[in-house]
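All of the numbers you see were taken from the coordinates with simple rules; none came from a lab. Note that the structure is predicted; figures quoted are calculated from it, not measured. FYI the Cβ positions are ideal-geometry reconstructions off the backbone, even for glycines, and counts take in every protein chain you see.
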């Protein structure tokens, strides 16, 4: 039977109509409210009269637009959670009652309400992070911006607080897109069995991640939004959780009532956790975002607030080149299909989806599922391409190792945003993939140096048996860098392959232009020094021709946009050391890359320079090797 609580919350649902800035998004507002100054901290926020909240929401939206127009950032998600974040900080006492934001890119409003009203230096070196950051505030508890972990974090905190005899709730704010991730569903399953839990799950349902949320759970949420599910028969209640909603996420009063009821339910020792189903609109209050069909301004670069003209033509990006290459392959071979983990457009698959909708599969935010689905498709005779961000490969390393590689399935994985990505910080730098890939037996890997080589890498990957990876960085493609010669070990980009090699500089990926410039700097300074810059083209597995060439050099320097201690250079060092003897020792070897540490946010070029991966820094390393 439906509970009184569940019946009462059905009546709280509102329909939030689109609105232009500066009108607040509530459908009931006839006159734009006067703006209210952003409180200095949550205590000051709780002291405001409820009548002031629409004005505060208006101020926050205007400030978000002003800041993001200058710096860029995750505008759409934050415009959508203004009223919800206000309500959370009024009804729960952070940081004693922790609020864990899943993925974290919608935490700008949270930061503005916890002492960072102007988001100073947003996403720039030394400035405010675009994600929660423990170094900034005690209110920022969970920094990892990867999806689906918030419920487990909040439930773990709640268990710890109960064991310590502490009062209060723990809150997880998770989107409907992030809820498709396996760990999110696992956490709901566990939470439903924990009677006495004081965990409140706020399901921020805006029907999207980047794109519309997919799958059976998405259909169920749609039925709940439409009122087609009788009270007490929703999936959350069936699990044993207390379900509250749906609630209009842009209605201050409805949110306050819902969260107070959720707290009472959470404090009932006979019940497990609570799910509050909140309906929001991504980009709310900014018509240009709300009307954007692709991702409702999920993330944007700087823009002109008063200019609604069409955006400039897209640059020749690595992502666009990847999309073209995969589409060309699919046109040539009907067995080729593509898989995305809720990121069809960001990884370049939109053109293929538009032309061949039945051959692009979006599995939601579920990278493990993507790789295992690809394994099954490959075993069934298809040729799947799984397109991910490089940083998200770590979420499915077990599947790469034991479901793909162990079984020798013919699956191509393309990794966008590989290496240093810049503004999004430690969790988004794609610097771990080479280290992971180097541990996988039989894996083939290409790290192309330019767009032309990227297209060739996709063709090669699809033509190669077993599991393979093509990885490439974020942003615009560099000019094509032709080889001066091609030898069995790869493409020569500088130096004389027919003369004794003083230093063999093995360049992996898009840093090749910097490697060539560094070699030229050193050659101009040290007459007669032969610095041979080599792109092995296929970086893994390490070929005998590369090992023979490296063994014959006086010194070997490797260069990669990843962790130096765990990547291609480290693997090459092990192989070269195994060849060395007392009478013929291995060459002097240096691995250039990132230190094994979490790299903060800053511009890509600035980070590369700081780690000595610009042309001058590489040249300095060559000089030290040459002695």
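Of note:
- Take every DSSP beta bridge whose two residues both sit in the chain; close to 20 percent of them are antiparallel.
- Helix 216-225 vs. the chain, principal-axis angle (Cα, 0 to 90°, nearest 10): 30
- Estimated distance in nm for a label pair at residue 407 and residue 355, the labels positioned 7 Å out from Cα along Cα-to-Cβ: 2.9
- Of the residues 236, 472, 286, the one with the fewest other Cβ atoms within 10 Å heads the list, and the complete ranking is 236, 286, 472.
- In this structure, residue 41 and residue 238 have a Cβ-Cβ separation that, at R0 = 30 Å, corresponds to a calculated FRET efficiency of about 0.15.
- Residue-span extension gain [residue 486 to residue 264] - 0.36 nm each, minus C-alpha spacing: 72.8 nm
- Given R0 = 56 Å, the distance between the Cβ atoms of residue 287 and residue 581 translates into a calculated FRET efficiency of 0.20.
- Only Cα sites of the stretch 485-626 enter the Debye sum here, all with the same form factor; the resulting log10 I(q)/I(0) across q = 0.10, 0.12, 0.13 1/Å is -0.30, -0.44, -0.52, listed in q order.
- Once the Cα atoms are used to define both axes, helix 82-91 deviates from the longest principal axis of the chain by about 60 degrees.
- When peptides 428-435, 330-337, 363-370 are sorted by average Cβ neighbour count within 10 Å, with the highest value leading, the order is 428-435, 363-370, 330-337.
- For the stretch 4-290, the equivalent ellipsoid built from the Cα gyration tensor has semi-axes of 27, 22, 18 Å, listed from largest to smallest.
- Theoretical FRET efficiency, 1/(1+(r/R0)^6), r = Cβ-Cβ of residue 609 and residue 524, R0 22 Å, to 0.05: 0.60
- Between the stretch 491-506 and the stretch 425-456, the alpha-carbon center distance in angstrom: 23
- Its Kirkwood hydrodynamic radius, worked out from the mean inverse distance over all distinct Cα pairs, puts the stretch 22-167 at 15.9 Å.
- Each helix, a run of at least 4 DSSP H residues, gives -39500 (n - 2.57); summed and divided by the residues of the chain, these come to -10000 deg cm²/dmol at 222 nm.
- Only Cα sites of the stretch 318-471 enter the Debye sum here, all with the same form factor; the resulting log10 I(q)/I(0) across q = 0.08, 0.12, 0.20 1/Å is -0.18, -0.42, -1.32, listed in q order.
- The stretch 580-614 and the stretch 244-258 have Cα centres spaced 52 Å apart.
- In the stretch 4-290, the DSSP beta bridges split such that about 5 percent are antiparallel, to the nearest 5.
- Taking 0.36 nm per residue of sequence separation and removing the Cα-Cα distance, the residue 554/residue 48 pair yields an extension gain of 175.0 nm.
- Extension gain for residue 185-residue 465 works out to 97.4 nm (0.36 nm per residue, less the C-alpha to C-alpha distance).
- The angle between the Cα long axis of helix 615-626 and the longest principal axis of the Cα atoms of the chain comes to about 40 degrees, rounded to the nearest 10.
- The chain - percent relative contact order, Cα under 8 Å, separation 6 or more: 12
- In terms of overall dimensions, the C-alpha atoms belonging to the stretch 141-182 reach 34, 18, 15 Å along their principal axes, ordered largest to smallest.
- Calculated P(r) tail over 23 Å for the stretch 99-198, as whole % of Cα pairs: 31
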